[in-house]
């Protein structure tokens, strides 16, 4: 394990054991990786969108530290972070579409200037609904998709977190992608 990865894991475990100061030492270590995750989400947006990776990172981190999670390691933390960022963006997409239809949707704590295109918002919502359908059939496959696609984890890291072999991961990944494709193209 890399020194930084080991340090992140140790800080998460210290936090699990009640060391509140571990979070203060953790943020600088994970910030760049969280920005990279946020950047992956945002690079598919229109060129003129106004959401900044910084706002997404800060919102996700605030939600992460409020979670009652028993952190296992660095990969687990980033998997949950990816899920949190996806949830923030999907909630925002739903809010934007509802607002355009005249509904008084709930306000998010992200910048008011966030602007997703209608098409991108619909895509996010469709993917979220497909992931919910996958979760009802096979929660492990939904987790696999979140870790790999949204979390940007390697095949090996994802297989390790899920306690499966790489070969099993590859086989199950194909099934998950096929399921999602069928759900989205209905």
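The values are calculated or read from the model by the stated rules, or taken from the named source; none is laboratory data. The structure displayed is predicted, hence computed values, not measured ones. Note that we place each Cβ from the backbone using ideal geometry, even for glycine, and neighbour counts take in every protein chain shown.
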Going by the structure shown, is residue 116 surrounded by 15 or more Cβ atoms within 10 Å (Cβ to Cβ) and either farther than 22 Å from residue 27 by Cα or at pLDDT below 75 (or both)? yes
Residue 160: more than 20 Å from the chain's Cα centre (by Cα), in contact (Cβ under 8 Å) with a residue 24 or more places away in the chain and in a helix (DSSP H, G or I), yes or no? no
